[in-house]
Every structure is written in C-alpha cells, then in structure tokens.
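Peer 1: Right, I'll just put the structure down here and ask away after.
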Amino acid sequence: KVDEPALLKSKFFVGTTASTALSHPAIRNLRFDVVIVDDAEAILLPQLAALATLAKDSIVVSGDPFQLPPEPVSSGELAQQWLHRDIFLHASKAEDLHRLFEWAEKNAQWSVLLGSQFTTTPKLTAFVDGVLFDDKLNVFASPQAKGKVCFIDTSDIRSECRQYVG
C-alpha cells in the first residue's frame, strides 16, 4: 500500500500528462513551484488555465505552434473562439502563424524562438523553414544527409487544414 500524496510531496520533480495532473486527486490537490507544459499547442486553453492553478510561482509553456492544434469535440462559435486555438496564437492575438514571429520578437523578454534546427533531411527542412518560418531558422545537417522534395497536388480532394481555414 502506497501513500501517494506523501510520495508525491517527497519528490523534487513530478512528470505527468496534463489530463492526469488535472484529474488525479493526489496531484490535483498539490501546488508546485513551477509547472512546465510541453506540447502546449495541443492543449485546450481552459486546461492550460487549470494547469496554471497548480503553480505557486510560475508556469512555463513550451511547444511548437506549427504542430497540430487542440482537438475539441465541440464545433460551436464559442468552441471556435476558445477551444480551436492554441495558446501561442491566443496569447499573440495573431490570426496566422507568420504574425507569431513578429509578436515573439516584440516580446523577447518572455518569448523564446528556438532558431536552430538539426536535421537529417536538409532539403525538406529548408523548404519548411522558407514556407513556415520565413527563413528564420539556422538549419544544420550532417554532410551525409540526402533527400528529395516532392510535391503532390491534392487540390482535387478539397482537403482543408483547420489551422489555415479562411
């Protein structure tokens, strides 16, 4: 038999998922000096707000706004406003990801853009850097790295990226 609350309080570092932190009574009732949230782009804004209540001092939000956004079940108007946006677009009040760079540069005191990318696929990474990151990344690749970039026209299937709707 394990006394989970005592065990958790004795630890210097506790790692868990956001869902477990918010639902497990032994964790939910604790307060931490710092709460670090990784992959925050995939976490619903209300969940991030709830995670912030677990922090005594500060919360560090980390992630890649170019990854998949949160996946809410609801699709109503309020859900679009609060649940379909990631924390980075919400905090910056940016409507598209390119404006996020401008916001990050203006708020450098608490926003850090990791500007280096180590890759094994330099052509693909250079393409992504040019299209998504406005050529702001320093791309480093192994001399043995190779690869080709191919484009496939999928316009006939009328697919849609929710991050760029409109």
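Peer 1: Once you have the alpha carbon radius of gyration of segment 96-135, what is it after dividing by 2.2 N^0.38 Å, with N set to its residue count? Show your work: numbers first, answer last.
Peer 2: On the way: Rg = 11.6 Å, N = 40, 2.2 N^0.38 = 8.9 Å.
Dividing the Cα Rg of segment 96-135 by 2.2 N^0.38 Å gives 1.30.
Peer 1: Leaving out ligands, DNA and RNA, what percent of the accessible area of the chain is carbon and sulfur, probe 1.4 Å?
Peer 2: On the way: 6820 of 12070 Å².
Reported share for carbon and sulfur atoms: 57 percent.
Peer 1: Where does the chain land at 222 nm, in deg cm²/dmol rounded to the nearest 500, when only DSSP H runs of n ≥ 4 count, each adding -39500 (n - 2.57), divided by all residues? Intermediate values should be presented prior to the final figure.
Peer 2: Numbers: 8 runs with 56 residues, N = 166.
It comes out at -8500 deg cm²/dmol, rounded to the nearest 500.
Peer 1: Rolling a 1.4 Å sphere over the protein heavy atoms, what is the accessible area per residue of segment 64-122, to the nearest Å²?
Peer 2: On the way: 4070 Å² over 59 residues.
Per residue, segment 64-122 has an accessible area of 69 Å².
Peer 1: Follow-up question, since we're still on this one. Which three extents, in angstrom, do the Cα atoms of the chain have along their principal axes, listed largest first?
Peer 2: Cα spread of the chain along its principal axes, largest to smallest: 56, 45, 37 Å.
Peer 1: Would you pull out the residues with amide H under 5 Å of Gly63's amide H, same chain only if 5 or more places away, H placed 1.01 Å from N?
Peer 2: The answer is Asp39, Ala40.
Peer 1: Hull surface divided by four, with the convex hull built on the Cα atoms of segment 1-74: how many nm²? Don't skip to the end; give the middle numbers.
Peer 2: Values: hull surface 22.9 nm².
Projected area, direction-averaged: 5.7 nm².
Peer 1: Under a cut-off of 17 Å between alpha-carbon atoms, report the lysines in cross-link reach of Lys146, not counting same-chain residues fewer than 8 places apart.
Peer 2: Partners within reach: Lys123.
Peer 1: Let me ask something additional. Determine the dipole magnitude for segment 11-81: charges of +1 sit on the beta-carbon of Lys and Arg, -1 on that of Asp and Glu, nothing else is charged, the reference point is the Cα centre, and the result goes in debye to the nearest 20. Can you show the working numbers first?
Peer 2: Working: 4 positive and 8 negative charges, 91 e Å.
So the magnitude is around 440 debye.
Peer 1: Another question, then. Can you bin every Cα-Cα distance in segment 65-122 into 10 Å intervals starting at zero and give me the percent of pairs per bin, rounded to whole numbers?
Peer 2: 19, 42, 28, 10, 0
Peer 1: Follow-up. Dipole magnitude of the chain about its Cα centre, charges +1 at Lys/Arg Cβ and -1 at Asp/Glu Cβ only, in debye to the nearest 20? It would help to have the intermediate numbers written out before the result.
Peer 2: Details: 16 positive and 21 negative charges, 101 e Å.
Roughly 480 debye, rounded to the nearest 20.
Peer 1: If you add up the charges near Arg31, with Lys and Arg at +1 and Asp and Glu at -1, over every other residue whose beta carbon is less than 15 angstrom from its beta carbon, what do you get?
Peer 2: Numbers: positive: Lys9, Lys11, Arg28, Lys56; negative: Asp33, Asp57.
Net local charge, Arg31 excluded: +2.
Peer 1: Here's a follow-up. Find the centroid of the Cα atoms in segment 102-148 and in segment 68-97, then give the distance between the two in whole Å.
Peer 2: 24
The values are calculated or read from the model by the stated rules, or taken from the named source; none is laboratory data. Since the model is a prediction, treat every value here as computed from it, not as a measurement. Methodologically, a virtual Cβ is constructed for each residue, glycine included, from the backbone with ideal geometry; neighbour enumeration extends over all protein chains shown. These accessible areas exclude ligands, DNA and RNA; they are computed on the full protein's heavy atoms, side chains included. Shrake-Rupley method; radii C 1.70, N 1.55, O 1.52, S 1.80 Å.
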